[in-house]
Each structure stands twice: as C-alpha cells, then as structure tokens.
Amino acid sequence: MAQGFVIDSVKYGPDTVYITPDQTAAFPGGKQKMVDYIDLKFDVMAEGFNDMNGAKGGSVEVSFVVEANGRVKYVYVEKSATPAYDEEMTRALVTMPKWEPAVVNGKKVRSLQKLRYNLNFGQQ
C-alpha cells in the first residue's frame, strides 16, 4: 500500500505526487535504457555548446514528476553542475519517451522520481 505523498504546488503542480507508490514508475526498457537516452542527448549537445562552457564533468541531481499519463514534468534541479548542464538535463528529461506510470490501488498516479546523473565530457 502506498505510504508517502508530497504536495508542493510550487515545485510539482497542484495534484498529489506519490513518493512510495505500490508500483514505481519505470522508463521503457529500464534504468540503463534511460541512462543511454540521456547520454545520447548530452552527446548531441556537447559539441554544439562548446563543451558546455568549458566544464569537463560533474553531476546533476534532479527530481521530477512522472505524470499518470507517463510524461515527465516539473523537473527541479536539486544539485547543479553548471547552468548549461542543468538546462540540458531538463531538456533531456522533458523530451523523454513516455514512462510506465506509478500505480496506487490499481490506478495510475503521479509520482516523484529522483536522479543523479554524472557528466563526463571529453572522456568518452
């Protein structure tokens, strides 16, 4: 049974967002496919942004909502690497394919996800 939920309309919109649903949201193909998707998005942009303003690496920590329809919304940067990385991470997340949404009592619901992504440009 789902135990936790958060209501922070500034960060996550006006409706309930579950933290510990009965079944968590999942990216199609699993976590590694999600990382591969983000890697692809950052690879494409790395050259275009001239190595992201000179930064060679770091990490970005974000939280975001997977909506009941599977779309990612309300990306919030918890820990920033650089403004360019943060912007690119937000863009990559909101353009993701639909997720399989979380479930509570057999119903698809909004859920909170957290992600730490390590950036290593120029080392690939």
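The values are calculated or read from the model by the stated rules, or taken from the named source; none is laboratory data. Only a predicted model underlies this, so the values are computations on that prediction, with no experimental measurement involved. For neighbour counting, all protein chains shown are included, and Cβ atoms are generated from backbone atoms with ideal geometry for every residue, glycine included.
Would you check if there is a residue in the stretch 81-90 being touching a helix residue (DSSP H, G or I) at 6+ places or on another chain (Cβ under 8 Å) and closer than 21 Å to ASP15 by Cα? There is no residue in the stretch 81-90 that is touching a helix residue (DSSP H, G or I) at 6+ places or on another chain (Cβ under 8 Å) and closer than 21 Å to ASP15 by Cα. When restricted to residues that are part of a helix (DSSP H, G or I) and among the small types (Gly, Ala, Ser), the stretch 62-116 contains 2. Whenever a residue of the stretch 93-119 is more than 14 Å from VAL35 (Cα to Cα), its partners that are acidic (Asp, Glu) and not in a strand (DSSP E or B), lying with C-beta atoms within less than 7 angstrom and at least six residues away or across chains, give the pairs PRO101/GLU67; VAL103/ASP22; VAL104/ASP22; ASN105/ASP22; ARG110/ASP15; ARG110/GLU67. Among residues of the stretch 18-38 that are more than 18 Å from ARG116 (Cβ to Cβ), those with a Cβ under 6 angstrom from a residue that is of a type in the set (Ser, Thr, Tyr) and outside any helix (DSSP H, G or I), sequence gap 6+ or separate chain, pair up as TYR18/SER111; PRO21/SER111. When LEU119 is tested against (1) over 27 Å from ASP15 (Cα atoms); (2) modelled with pLDDT of 80 or more; (3) assigned to a strand (DSSP E or B), just one condition goes unmet, and that condition is (2).
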